[in-house]
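Just below is one structure, and these are the notes that go with it.
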Amino acid sequence: MTETALVLPMSRIPSVQEFLNILKIKPGGFAAQLFTTVYDQFFGWSKDLRSEYERYYCVEYPTFANYLELAHEIYLEPAELEKAYILKIKSRGGLLEEAYEENVRDTVIDCIRKLENSYEN
């Protein structure tokens, strides 16, 4: 079974503390330990497609949008293409695993989007 990657356009990468705060997790506890790993999955282990394009593929593809569409089959709105980071995140199991009964992926993504919206306001 092939799992599709999540694509997350971001203006900036939040700190671990901002991430835990938006999820209403107190530092130092077990939940903070678990969700620091989730933070790493989203922001540490993900691939930044914009950086990858600028470093390796800008001579091969005329635009960043072409690169996303042709190399990754990713189609983004113009406003999303303007974000500083286009993160491609592959779930590595655990709390983000879709098959896991108590999956928190959607809750985390909603909180990250709220955090992103607060940057833009």
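The values are calculated or read from the model by the stated rules, or taken from the named source; none is laboratory data. Computed from a predicted structure; not experimentally measured. No Cβ is skipped: glycine too gets one built from the backbone with ideal geometry, and neighbour counts run over all protein chains shown. These accessible areas exclude ligands, DNA and RNA; they are computed on the full protein's heavy atoms, side chains included. Shrake-Rupley method; radii C 1.70, N 1.55, O 1.52, S 1.80 Å.
Residues in region 82-117 that are at pLDDT 85 or above and either exposed (fewer than 15 other Cβ atoms within 10 Å of the Cβ) or farther than 21 Å from residue 57 by Cα (or both): 82, 84, 108, 109, 110, 111, 112, 113, 114, 115, 116, 117.
Does residue 20 fit the bill of being hydrophobic (A, V, I, L, M, F, W, C) and either closer than 15 Å to residue 111 by Cβ or open to solvent by less than 50 Å² (accessible area, probe 1.4 Å) (or both)? Yes; evaluated as a whole, the condition is true for this residue. In region 23-41, the qualifying residues are those that are under 11 Å from the mean Cα position of the chain (by Cα) and under 16 Å from residue 114 (Cβ atoms), and the one that is most open to solvent (accessible area, probe 1.4 Å) is 39. Could you please tell me which pairs satisfy a Cβ distance under 9 Å, a separation of 6+ or placement on different chains, a first residue in region 24-46 that is assigned to a helix (DSSP H, G or I), and a second residue that is loosely packed, with under 11 Cβ neighbours inside 10 Å and of a type outside the set (Ser, Thr, Tyr)? These pairs meet every condition: 32/26. Can you name the residue in region 47-81 that is in contact with a strand residue (DSSP E or B) (Cβ under 7 Å, 6 or more places away or on another chain) and either among the small types (Gly, Ala, Ser) or in a loop (DSSP other than H, G, I, E, B) (or both) and, of all such residues, is farthest from residue 117 (Cα to Cα)? Restricting to residues being in contact with a strand residue (DSSP E or B) (Cβ under 7 Å, 6 or more places away or on another chain) and either among the small types (Gly, Ala, Ser) or in a loop (DSSP other than H, G, I, E, B) (or both), the top hit is 74. Can you tell me which residues in region 70-85 are among the aromatic types (Phe, Trp, Tyr) and within 9 Å of residue 9 (Cα to Cα)? Hit for region 70-85 is 85, nothing else.
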